[in-house]
1. Examine segment A:13-29 for a residue that is away from chain B (no Cβ under 14 Å) and open to solvent by less than 20 Å² (accessible area, probe 1.4 Å), and state whether such a residue exists.
2. Among A:Ile10, A:Ile2, which is the only one that is in a loop (DSSP other than H, G, I, E, B) and in contact with a helix residue (DSSP H, G or I) (Cβ under 9 Å, 6 or more places away or on another chain)?
3. Which is over 30 Å from A:Leu187 (Cα atoms) and either at pLDDT below 90 or small (Gly, Ala, Ser) (or both), of B:Lys14, B:Lys106?
4. Tally time: how many residues in segment B:68-105 are among the small types (Gly, Ala, Ser), touching a helix residue (DSSP H, G or I) at 6+ places or on another chain (Cβ under 7 Å) and crowded, with 17+ Cβ neighbours inside 10 Å?
5. Could you tell me which residue of segment B:2-25 is farthest from the other protein chains (Cβ to nearest Cβ), considering only residues that are over 10 Å from the mean Cα position of the chain (by Cα) and of a type in the set (Val, Ile, Thr)?
6. Kindly indicate the residue of segment A:181-195 that is within 12 Å of chain B (Cβ to nearest Cβ) and not polar (S, T, N, Q) and also farthest from the chain's Cα centre (by Cα) among those meeting that condition.
7. Looking at (1) outside any loop (DSSP other than H, G, I, E, B); (2) of a type in the set (A, V, I, L, M, F, W, C); (3) more than 14 Å from chain A (Cβ to nearest Cβ), can you tell me which one B:Ala95 breaks?
8. Go through segment A:30-71 and count every residue that is surrounded by 12 or more Cβ atoms within 10 Å (Cβ to Cβ) and part of a loop (DSSP other than H, G, I, E, B).
Amino acid sequence: MIATLLGKKIGMTQVYDAKNVLIPVTVVEAGPCPVVQIKSVETDGYHAVQLGFGAQKPKNASKPETNHAKKAGLETTPRVLSEVRLTGAADVKVGDVLTVAAFTEGQTVDVLGVTKGKGFQGVVKRFRVAGGPAAHGSMFHRRIGSVGMRQTPGRVWKNQRMPGHMGSDWRTVQNLRVVKIIADKNLILVKGAIPGANGDDVIIRSAKKAKKA
Amino acid sequence: MNPIINEITAAQVKTNLTPFKVGDGVRVHTKVREGDKERVQVFAGVVIAHKGSGIHENFTVRRISYGEGVERVFPRNSPNIEKIEVEKDSKPGRARLYYLRGRTGKAAMAVKVKRYEAPAKA
């Protein structure tokens, strides 16, 4: 069974668990994900399945996309396509639909997504550099400070923290607990925060480094 | 708010709780677990603040316990809150009664009651 789904971040809220403890959760709409294509060592050099998620309006879908979906027997063209690498041959076939039934309440999952873009940021926000005094004529507020030594080494080290683009990074949050699954609405509630803004696409999979029970 | 989130939390928002407002004297009955035993604890005082909405809604109750002011914030929708009794009704002129914090003695629990309705603005 492939325990990976494409989904959409809905937003955060809180729910009470069985012990009456209020838990912060992120609601993820996960699946249903039809299997669009199966890749194998013989034909593609590696094992993988291609999953689809969402639906495009027919006028927006390109011809190659539409026909690719048609080949898999889908009526609508998925908005998102993504591959899941497998170690062996796939135990699903084209046209199968993966749903939240692949997950159970209480298990841990990883959630992958693109973080919110912050644009070009200085070192204080980007690297949590302390910055200088605000007042008393300091004239050194949110500046970068020294970036190195003298003639030795005579250059700036690699990875020196400097201003630059922040956010919009592909990030994985590991080992989030599945608090609740609402199967009829394809919703998964995971404990804690996940990357991206509400409505962004995410991938949810069973935790790769799950603690063995 | 997102309709999906509304739907998830709606089931947990209490609808049968006794209505109360800021300034009221209340007795909050909460379930307390001690080991595997459960008992009911009562916290009586004045509601001095009421914040949030939906599942996040909470309120602060202030009381004087052995001469010391004690405040406790309750999540309104917590399943641990068994019931709320309203002992004293009042009409304070403001939404947050933080001015009670600086007071001692008898005045500490005396909520100032609004004397007149504000004249309607043209």
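The values are calculated or read from the model by the stated rules, or taken from the named source; none is laboratory data. Just so we're clear, the structure is a prediction, and the values are computed from it rather than from any experiment. Because the Cβ atoms are built from the backbone with ideal geometry, glycine has one as well, and the counts that use them run over all protein chains shown. SASA here: full protein model, heavy atoms, side chains in, ligands and nucleic acids out. Shrake-Rupley method; radii C 1.70, N 1.55, O 1.52, S 1.80 Å.
1. Of segment A:13-29, the ones away from chain B (no Cβ under 14 Å) are none.
Looking for residues that are away from chain B (no Cβ under 14 Å) and open to solvent by less than 20 Å² (accessible area, probe 1.4 Å), one finds none in segment A:13-29, hence no.
2. Numbers: A:Ile10 fails: in a loop (DSSP other than H, G, I, E, B).
The conditions single out A:Ile2.
3. Working: B:Lys14 fails: over 30 Å from A:Leu187 (Cα atoms).
Selected residue: B:Lys106, the only one of B:Lys14, B:Lys106 that is over 30 Å from A:Leu187 (Cα atoms) and either at pLDDT below 90 or small (Gly, Ala, Ser) (or both).
4. Restricting attention to segment B:68-105, the residues satisfying the condition of being among the small types (Gly, Ala, Ser) are B:69, B:78, B:90, B:93, B:95, B:102, B:105.
Narrowing further to those that are touching a helix residue (DSSP H, G or I) at 6+ places or on another chain (Cβ under 7 Å): B:69.
Narrowing further to those that are crowded, with 17+ Cβ neighbours inside 10 Å: none.
Qualifying residue count, segment B:68-105: 0.
5. Checking each candidate, the answer is B:Thr18.
6. At the first step, the residues of segment A:181-195 found to be within 12 Å of chain B (Cβ to nearest Cβ) are A:181-182, A:184-189.
Then drop every residue that is not not polar (S, T, N, Q), which leaves A:181-182, A:184-185, A:187-189.
Working: A:Ile181: 18, A:Ile182: 20, A:Asp184: 23, A:Lys185: 20, A:Leu187: 16, A:Ile188: 14, A:Leu189: 15 Å.
Here the answer is A:Asp184.
7. The single condition B:Ala95 does not satisfy is (1).
8. Number of matching residues: 8.
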